[in-house]
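Participant: Below you'll find the structure I mean.
The values are calculated or read from the model by the stated rules, or taken from the named source; none is laboratory data. From a predicted model like this one, the values you see are computed outputs, not experimental measurements. Here the Cβ positions follow ideal geometry from the backbone for every residue, glycine too, while neighbour counts run over all protein chains shown. The protein model used for the area step is the full one, side chains on, heavy atoms only, and it has no ligands, DNA or RNA in it. Shrake-Rupley method; radii C 1.70, N 1.55, O 1.52, S 1.80 Å.
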Amino acid sequence: MKIKFILLLIIIFIQSIFSRDFNDVIPLNQGVTNYKFATKLELEVVNELNRARTNPKKYAEYLKEYRKYYKRRMYLKKPGRVSIKTNEGVSAVDVAIKYLESKKAIMPLKLSKGMTLAARDQVTYQGARGLVGHNGVNNSSPFDRINKYGKWNITAGENINYGNDIPREIVIDLIIDDGIKNRGHRENIFNEKFLVVGVACGTHEKYKYMCVMDFAGEYQEK
């Protein structure tokens, strides 16, 4: 009887963790009062970004586990997925691990409604057409799209990931930044000047999934 009671308490505790409101986890941008504009996946991606930013040394451990999926150094074979030949192979993962282990913790990102809507515009436009890159409808730039729903200040940037729908894999892929010479996606994630983010994820005609992250130093919501 006592064992059953203990098990029940454990189940209730686990449920309370997974059912807690994102208000407990993600800070909101000034002028934003709730998370209703974002999907569960998008909120989980923001959480994942903040895990990496606030504890990069611990996040390096996730990459060490991810490294095990590389076969013959160049091929990435995730469980249940087809094998993919990467550009740089496991060496890019090792560089990313070293980067994280030397990186200091920085502030978590605040979630913006306007920037999330801007990111969603890019998902809607590119996803249905199977396009890639940072140009959007009517050749719009990330800065154009962000300013549609508010006003960015200090600095701004954008990351786009294709082919993943698991939050940790999305963030790990961008941190490794395989084949990207300047590691621009990784630098965006760990840019101390970026304090606000909008995230939108959806389907993609060619790569099945895509996730857009728009960053800014400050953002005034409309």
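Participant: If you take just the helices (runs of 4 or more DSSP H) that sit entirely in the stretch 31-102, which of them hold at least 3 residues that are under 30 Å from GLY114 (Cα atoms)?
Facilitator: Helices (runs of 4 or more DSSP H) meeting the threshold: 40-54.
Participant: Quick one: which residue in ILE154, ILE160 is over 17 Å from the mean Cα position of the chain (by Cα), surrounded by fewer than 22 Cβ atoms within 10 Å (Cβ to Cβ) and part of a strand (DSSP E or B)?
Facilitator: Criteria check complete, one pass: ILE154.
Participant: Given the condition modelled with pLDDT of 55 or more, open to solvent by less than 40 Å² (accessible area, probe 1.4 Å), under 21 Å from VAL196 (Cβ atoms) and not in a helix (DSSP H, G or I), answer yes or no: does some residue in the stretch 2-25 qualify?
Facilitator: no
Participant: Exactly one condition in (1) more than 16 Å from the chain's Cα centre (by Cα); (2) touching a residue at least 60 places away in the same chain (Cβ under 8 Å); (3) open to solvent by 10 Å² or more (accessible area, probe 1.4 Å) is not met by ARG120; state its number.
Facilitator: (1)
Participant: Going by the conditions given, is LEU174 of a type in the set (A, V, I, L, M), open to solvent by 10 Å² or more (accessible area, probe 1.4 Å) and at pLDDT 95 or above?
Facilitator: Answer is no for this residue.
Participant: Right, another one. Which one of ALA52, ALA96, ALA105 is open to solvent by 40 Å² or more (accessible area, probe 1.4 Å), modelled with pLDDT of 95 or more and touching a helix residue (DSSP H, G or I) at 6+ places or on another chain (Cβ under 7 Å)?
Facilitator: One residue alone meets the criteria, ALA105.
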